[in-house]
Structures are given as structure tokens and as C-alpha cells.
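Beneath this line is the structure, given in C-alpha cells, with notes to follow.
The values are calculated or read from the model by the stated rules, or taken from the named source; none is laboratory data. Computed from a predicted structure; not experimentally measured. Glycine also receives a Cβ, built like all others from the backbone with ideal geometry; neighbour counts cover every protein chain displayed. The area values use the complete protein model at the heavy-atom level, side chains included, leaving out ligands, DNA and RNA. Shrake-Rupley method; radii C 1.70, N 1.55, O 1.52, S 1.80 Å.
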Amino acid sequence: MDLDWEAYDWERLGDGVGRRRLPGWDATVGLVVGRDAVLLYDTGGTLAQGAELRAQVTALTGRRRVTHVALSHPHFDHVLGTAVFAGVEVFGAVGVDALLRRGAEALRADAVRHGVDERAAAEASEILVAPRHTVSGEWTLDLGGRQVLLANVGPGHTGHDLALLVPGEREIVFCGDLVEESGEPQAGPDAIPGRWPAAVDRLLSLGGEDAVYVPGHGALVEADFVRRQRDELARRFDVS
């Protein structure tokens, strides 16, 4: 599958698999293109970012549209663009649907604190889309000619952390913010520090030693980096 990733400032990770580091908060979005369906992992922190992603995916894939969205966790910079993807099937970790339905105001306020224009934040939070499909363990999606695995590996960074495994010649694991490369992993008030190292262990079990690991923020990493960060989290939060 020959897609011109670089023309749209995306990074090719494998055949039909890429990611983009969005401006502003350096949040990663992932894209997996199958024969029959297109999966987007996270949607950006504003409706404008979501609309830009939608247009880029259409251009990259030859006028195909996103059919599935998977949300890594319920923070504004990863979910507020979802509403622009009309008619998609949206997936999230179990419980994130209820959290987003009752937590729109908190997301709006967090977005504004991080520099999003107040009007843009209000608009996105008012039409916030909660997942229709919730993952309690693992969920295999058939995109046509390829399968991917959604895995509820948390809690850790939040109470609702969803990873994406893309099998291939070299496994690709989208980690969400359970792993960060561009800075120390951020533990906000919704983090579950005592269970975070175990969540990272589950990421490592998914991908194994030879996988490419895609952090929620920052450059691609390998298993050794993920393991070191897991150990740093355990020391930081005094978890054995």
C-alpha cells in the first residue's frame, strides 16, 4: 500500500500504518488503513485539528474516509476532534463513555488551561462524542485484509487506557500516554499511579521485544525504553 505519508507530515510506520505528531501538545494520532476500513487512533485536541486530520486521511487514502476511531484515553488533546468524523464507529476503554458524557465541562476547562481558545473549547465539548463500543479486555477489528487489536491495558495514566496493536513484519504498539518520550509521563488527578507499571507491563506483553512502541507524545521507542520508563514509574510511585 503506497501512501505518500511525508507529503502530509505523517510518519510511515509500516504498510498502511502511520502516525502524526500534532502541533501544540505533540500528541500522537495513528492511522491504520485496511482494504475495507480505516482506523484512526485519537482525534486531536480541537475540532480544527480533527477536521485537518479528516482531510489528510482522505487525501492520503485516495478519498476514503475514516470508518473507526479508537480513543486512547479521555484527555482533551486526544478526544476533542472526534465529532468531525460523522458516522464512525468509536471505541474506548470500558467506562470512558460514561466519563465523557458527564465530564465535558472538565475537558473544556482543561483545554482552556492548556491554551485552547475558549470558544473553540466550548464548541468541541458541547458536541463531544462518547464511544459506542467499550473494550473491557481485548477487541479484534477486521479492517479488510488486516486485523488490529484494541486492548484495555489500564488503568494507569488514567482509569481508561486503551492500546492498539498492529501486527505485521514488526509489531506496532500505540501506547497512548502510558508511555511518553518527549518528557516525563504526566500523572494528573485521574491517574492510578499504583497500577501504572502493571499497565506498561501489559504493553510489553502485547508487543514483545522487537515491536515499535508509539508513545502518546514524542519519538518512537523500543522495548528497552518502555521497560526503563516502567521501572522509573515504579520508583516514582513506590510500586514494587
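For region 24-31, the criterion of a residue being assigned to a helix (DSSP H, G or I), closer than 20 Å to residue 218 by Cβ and either out of contact with any Ser or Thr (no Cβ under 8 Å at 6 or more places or on another chain) or open to solvent by 10 Å² or more (accessible area, probe 1.4 Å) (or both) is satisfied by no position. The one condition from (1) without any contact (Cβ under 8 Å) to a residue 12 or more places away in the chain; (2) surrounded by fewer than 16 Cβ atoms within 10 Å (Cβ to Cβ) that residue 142 does not meet is (1). Taken together, the residues in region 51-87 that are open to solvent by 20 Å² or more (accessible area, probe 1.4 Å), assigned to a loop (DSSP other than H, G, I, E, B) and either under 25 Å from residue 122 (Cβ atoms) or touching a Lys or Arg at 6+ places or on another chain (Cβ under 9 Å) (or both) amount to 4. Residue check: residue 183 meets all listed conditions (1) in contact with a His (Cβ under 9 Å, 6 or more places away or on another chain); (2) surrounded by 21 or more Cβ atoms within 10 Å (Cβ to Cβ); (3) not in a strand (DSSP E or B) but one, namely (2). Residue 43 falls short of the stated requirement of being open to solvent by 10 Å² or more (accessible area, probe 1.4 Å) and of a type in the set (S, T, N, Q). Does residue 49 count as within 15 Å of residue 20 (Cβ to Cβ) and either basic (Lys, Arg) or within 15 Å of the chain's Cα centre (by Cα) (or both)? So residue 49 passes the test.
One line per residue, one yes/no per condition, for (1) among the β-branched types (Val, Ile, Thr); (2) touching a Phe, Trp or Tyr at 6+ places or on another chain (Cβ under 8 Å); (3) more than 21 Å from residue 189 (Cβ to Cβ):
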| residue | (1), (2), (3) |
| --- | --- |
| 12 | no, yes, yes |
| 26 | no, no, yes |
| 36 | no, no, yes |
| 51 | no, no, yes |
| 56 | no, yes, yes |
| 81 | no, no, yes |
| 90 | yes, no, yes |
| 102 | no, no, no |
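Screening residue 144 on (1) closer than 18 Å to residue 98 by Cβ; (2) more than 16 Å from the chain's Cα centre (by Cα); (3) not basic (Lys, Arg) shows it passes everything except condition (1).
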